[in-house]
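First comes the structure, then the notes that go with it.
The values are calculated or read from the model by the stated rules, or taken from the named source; none is laboratory data. Please read all numbers here as calculations on a predicted model, not as lab measurements. All Cβ positions, even for glycine, are placed from backbone atoms using ideal geometry, and neighbour counts span all protein chains on display. The area values use the complete protein model at the heavy-atom level, side chains included, leaving out ligands, DNA and RNA. Shrake-Rupley method; radii C 1.70, N 1.55, O 1.52, S 1.80 Å.
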Amino acid sequence: MTVPGIILHVPHSSAEVPAEVRSQLLLEDDDLARELRLMTDWHTDELFALPPAEAVTVRFPVSRLVVDPERFEDPEAEGMEAVGMGAVYTRTSQGLFLRDEAEATHEREALVARYYRPHHAALEAATSAALAAHGRCLIVDCHSFPSLPLPYEFKVSADRWKVVHRPAVCIGTDTTLPPNAPFAHPGMHTPLWLRERAAIAFGEMLARWPGGAGKAVAGIAFDRPFGGALVPLPYLGNDRRVQAVMIELRRDLYMDEETGGRLPGFAGCAAAVQMALRRICA
Ligand SMILES: [Zn+2]
């Protein structure tokens, strides 16, 4: 079987907090459950699911509260460190203490070694295998986001409108400039054709959304409320053959955000997402 040229990266679908990590977290059980409810990209592993013959799926097996694979490992490179939400979070989405900061400094290396690096090694291996087989590779970074902004979002973004306005689908694009770019340039890992194809595929998905288009109001936006698209570090900024786009679905489209449960039409939602994925990959 040939290796597919498509990689689905699912970093935030797990709510699993291993016992040895639970003891590092300062929250009471109720507060931890609430934070997991708000911060987990629930059911994204089922929504963004293609069979192995069509795509390689790299799913992070534990919660982002353990360690967040979507952040840079190097704190100097990671802007979210400023709000205590770098690779190892010390603050919650509400700005409360999640870990003791001094303890977290000691725990960090073990967490990164145990969970973060093996995940990135798997992602890099999948990327290099796809490049070897096809000469190019498309990474789709698969997420969802709450319909109401969380307090941390206002601290991170200077643009309040970008935070408050919640489209049904947010398409995140790479903004990395190629080395020595002589002029302003779109990000090198999200070419224009990919932006356009993603907008068309997910726009058509919303038009056919199960349960009616009522939920699909506000349509599609690029890099709003969340920007960027993950590219493995060895390829970031130096290999155009690695193409990347992020797809974020607003959670009220497919789930009850209070309970975490799937909406009745969930299977149809998953089928619609998968059809859109196939269209951008085609
Ligand atoms: Zn996410």
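Is it true that some residue in the stretch 238-254 is outside any loop (DSSP other than H, G, I, E, B), more than 15 Å from the chain's Cα centre (by Cα), more than 16 Å from the ligand (Cβ to nearest atom) and not aliphatic (A, V, I, L, M)? Within the stretch 238-254, one or more residues are outside any loop (DSSP other than H, G, I, E, B), more than 15 Å from the chain's Cα centre (by Cα), more than 16 Å from the ligand (Cβ to nearest atom) and not aliphatic (A, V, I, L, M).
Selection of first residues in the stretch 65-78 that are touching a residue at least 12 places away in the same chain (Cβ under 8 Å) and of second residues that are within 12 Å of the ligand (Cβ to nearest atom) and among the charged types (D, E, K, R), restricted to Cβ pairs under 9 Å at least 6 apart or on distinct chains, gives the following pairs, ordered by first then second residue: Glu70/Arg64; Glu70/Asp141; Arg71/Arg64. On inspection, Leu277 does not qualify as assigned to a loop (DSSP other than H, G, I, E, B), aliphatic (A, V, I, L, M) and away from the ligand (no atom under 16 Å from the Cβ). Scanning the stretch 215-237 for residues that are of a type in the set (Lys, Arg) and assigned to a loop (DSSP other than H, G, I, E, B) yields one hit, Arg224.
Please work out if Ser63 is farther than 17 Å from Ala270 by Cβ, surrounded by 15 or more Cβ atoms within 10 Å (Cβ to Cβ) and within 12 Å of the ligand (Cβ to nearest atom). Judged against the criteria, Ser63 is a match.
Under the condition of being open to solvent by less than 20 Å² (accessible area, probe 1.4 Å) and in contact with a Lys or Arg (Cβ under 8 Å, 6 or more places away or on another chain), the residues counted in the stretch 68-89 number 6. Restricting Ala53, Ala49 to residues that are farther than 24 Å from Pro146 by Cα and either open to solvent by 10 Å² or more (accessible area, probe 1.4 Å) or assigned to a helix (DSSP H, G or I) (or both) narrows the list to Ala53. Of the residues Arg160, Arg136, Arg99, the single one that is away from the ligand (no atom under 16 Å from the Cβ), buried (at least 20 other Cβ atoms within 10 Å of the Cβ) and of a type in the set (Lys, Arg) is Arg99. Exactly one residue out of Thr173, Thr127 is touching a strand residue (DSSP E or B) at 6+ places or on another chain (Cβ under 7 Å), more than 16 Å from the ligand (Cβ to nearest atom), open to solvent by less than 10 Å² (accessible area, probe 1.4 Å) and in contact (Cβ under 8 Å) with a residue 12 or more places away in the chain: that is Thr127.
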